[in-house]
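Take a look at the structure set out below.
Coordinate-derived values only; no laboratory data. Because the structure is a prediction, the values reported are computed rather than measured. Please note: Cβ atoms are built from the backbone with ideal geometry, for glycine as well, and neighbour counts cover all protein chains shown.
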Amino acid sequence: MSFFRLDRATASYNGRAVLHEISLEIQPGEKVSLIGASGAGKSTLLGLLYRQRPEDTALVTQDPSLVKTLSVFHNTYIGKLDRNPTWYNLANLVWPLPKEVRGIGALLDSLGLADKLHTPAGELSGGQQQRTAVARALYRESAALLADEPVSAVDITQAHAVLEQIVARHETVVLAMHDVALALRYTGRVVGLRNGRVEFDRSSAGLDPADLLPIYQA
C-alpha cells in the first residue's frame with residue numbers, strides 16, 4: 001500500500017496552474033528527491049503530499065517559521081507540542097525538564113547546534129535557523145518527512161550531517177533538492193519536474209549529476 005499517492009492531481013496558485021495531472025506513488029521506506037528548476041512545482045507537490053498524511057508526516061518548509069524570541073530548545077520542542085498534555089508543555093516552557101534537555105541536546109549536537117541550545121532563534125544565522133527547523137521536524141519522530149530545500153543555507157559539511165539525520169530517522173522521505181549530487185547520494189529515486197509535470201521518474205542507481213541537467217533547461 002502506498003504511503004503517498006496522487007492520481008492526476010492538479011494545483012493552482014493565484015489562478016495560475018502550477019501542477020498538471022500529476023500521478024505519483026511513494027511506497028513506505030522510499031527515499032525520494034524532487035528536482036527541477038525554480039517554479040517547476042516542487043514546493044506545491046510537497047504540499048499536496050503533506051495534506052494526505054499530516055498526522056504521521058513532518059514537514060520542513062523553506063521558511064523556518066521559528067519563534068524568534070524563544071530558544072533553540074523551545075523551537076525544537078514545539079515539534080511535539082500537540083502530543084503532550086498542557087501541564088507538561090507549560091513545565092518545559094518555564095523550566096525545561098532534564099529528560100527533554102538531554103534528548104533535544106543530543107539531537108542538536110548531531111546537527112552541529114549543541115552550543116545553541118539556549119540561544120534565542122532570532123540571534124541565529126540563516127543556516128542555523130534552517131537546521132533548527134530541521135531539528136523541530138526530526139524531534140517529532142514521524143514515520144515520514146517532507147522537506148523543501150532543507151540544506152540550501154548551509155555548507156557542504158553541514159548538508160551531509162543534516163541529510164544523514166533525515167534519512168536515518170525516517171522510514172519514508174521526500175526532499176525537494178537543488179543540489180543534484182546530494183539528491184543522488186541520499187535518495188534512491190529521483191523525480192524530475194518541469195513546468196508542473198513529471199518529466200522523469202528514475203532510480204538513482206547508476207545516475208550521474210550530469211544526467212539530470214536537462215531537467216533545468218528551458
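I want the local charge near Ala114. Using Cβ-Cβ distances under 13 Å, sum +1 for each Lys or Arg and -1 for each Asp or Glu among the other residues.
Working: positive: Arg102, Lys116, Arg131; negative: Asp109, Asp115.
My count for the surroundings of Ala114 gives +1.
Rounded to the nearest 0.05, what FRET efficiency is calculated for Gln27 and His160 with R0 set to 22 Å and r the Cβ-Cβ distance? Don't skip to the answer; put the middle values down first.
Details: r = 26 Å, r/R0 = 1.16.
My answer for the efficiency is 0.30.
Please rank Thr157, Thr61, Thr76, fewest neighbouring Cβ atoms within 10 Å first, as an exposure proxy.
Details: Thr157 9, Thr61 18, Thr76 30.
Fewest-to-most Cβ neighbours within 10 Å comes out as Thr157, Thr61, Thr76.
Taking amide H atoms as placed 1.01 Å from N in the peptide plane, list the residues 5 or more away in sequence, or in a different chain, whose amide H sits under 5 Å from that of Asp179.
The list, which skips near neighbours in sequence, is empty: none.
How big is the gap, in Å, between the Cα center of the range 41-55 and the Cα center of the range 77-95?
Comparing the Cα centres of the range 41-55 and the range 77-95, I get a distance of 26 Å.
Below 13 Å, Cα to Cα, which aspartates and glutamates can Lys68 reach? Residues fewer than 8 away in the same chain don't count.
Partners found: Glu123.
Under a straight-distance cross-link criterion of Cα-Cα below 19 Å, which aspartates and glutamates are reachable from Lys99, leaving out those fewer than 8 residues away in the same chain?
Candidates past the 8-residue exclusion: Asp82, Asp109, Asp115, Glu141.
Compute the distance in nm between two label points, each set 7 Å from the Cα along the Cα-to-Cβ direction, one at Thr10 and one at Trp87.
5.3 nm
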